[in-house]
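Everything on this sheet refers to the single structure shown next.
The values are calculated or read from the model by the stated rules, or taken from the named source; none is laboratory data. Since this is a predicted model, take the numbers as computed values, not measurements. Here the Cβ positions follow ideal geometry from the backbone for every residue, glycine too, while neighbour counts run over all protein chains shown. Only protein heavy atoms, including side chains, enter the accessible area calculation; ligands, DNA and RNA are left aside. Shrake-Rupley method; radii C 1.70, N 1.55, O 1.52, S 1.80 Å.
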Amino acid sequence: MIRAMTPYMSSALPDPHSQSVFYDGIPAKRFFAWIVDVILILIAMIILGTVTLSIAFFLWPIFWFATSFLYRSLTISAGSATFGMRLMNIQLRGPTGLRLTSQEAMIHSGIYVFGFVLPFVQIFSIGSILLSERHQSLADHFLGTAAINRPR
């Protein structure tokens with residue numbers, strides 16, 4: 001169970017030391033979830049390219065960023081996780097310990113998509129997932145969110 005926020009805590013996210021079960025295996029799960037999501041976005045891009053009579057293929061980067069942003073924003077808004085995250089049994093939680101709101105999902109997705117524009121930002125984000133206590137990405141640090149194993 002996720003602890004309620006108290007005046008002495010800066011976050012209601014599970015404590016990585018006393019509730020480490022919420023963070024077990026998160027880096028690997030995030031990686032495999034990312035692969036699933038990339039495949040789903042690629043399928044959507046192929047369909048979009050066919051429907052737009054190849055316009056999406058000629059403007060691939062623009063359509064990829066837009067499709068990725070929409071996919072992530074909509075799926076995270078709906079269940080605080082993309083389909084890949086759901087498959088890996090993880091979800092994003094905000095600093096209050098609750099699921100992300102639509103606005104938080106859009107900001108999180110925007111930071112994620114921006115990370116692909118500048119490779120060093122993406123590298124920093126991956127390093128942060130691997131090395132931080134809560135395995136937080138750059139977007140997670142900015143928003144105070146974290147990916148956790150889905151509570152039952």
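Data overview
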read-out: Some residue of region 101-113 being touching a Lys or Arg at 6+ places or on another chain (Cβ under 7 Å), polar (S, T, N, Q) and within 16 Å of S68 (Cα to Cα); value: yes
read-out: From V21, V38, V51, residue being open to solvent by 90 Å² or more (accessible area, probe 1.4 Å), within 25 Å of G127 (Cβ to Cβ) and β-branched (V, I, T); value: V21
read-out: Counted residues, region 99-119 - those being at pLDDT 95 or above, surrounded by fewer than 17 Cβ atoms within 10 Å (Cβ to Cβ) and either among the acidic types (D, E) or within 20 Å of F63 (Cβ to Cβ) (or both); value: 1
read-out: Out of Q103, Q136, Q91, Q122, sole residue that is free of Cβ contacts under 8 Å to residues at least 60 places away in the same chain and part of a loop (DSSP other than H, G, I, E, B); value: Q136
read-out: Checklist (1) closer than 18 Å to A12 by Cβ; (2) assigned to a helix (DSSP H, G or I); (3) of a type in the set (A, V, I, L, M, F, W, C) applied to A66, failing item; value: (1)
read-out: Top-ranked residue of region 7-63 - restricted to ones that are modelled with pLDDT of 90 or more and of a type in the set (F, W, Y), ranked as farthest from S109 (Cα to Cα); value: F58
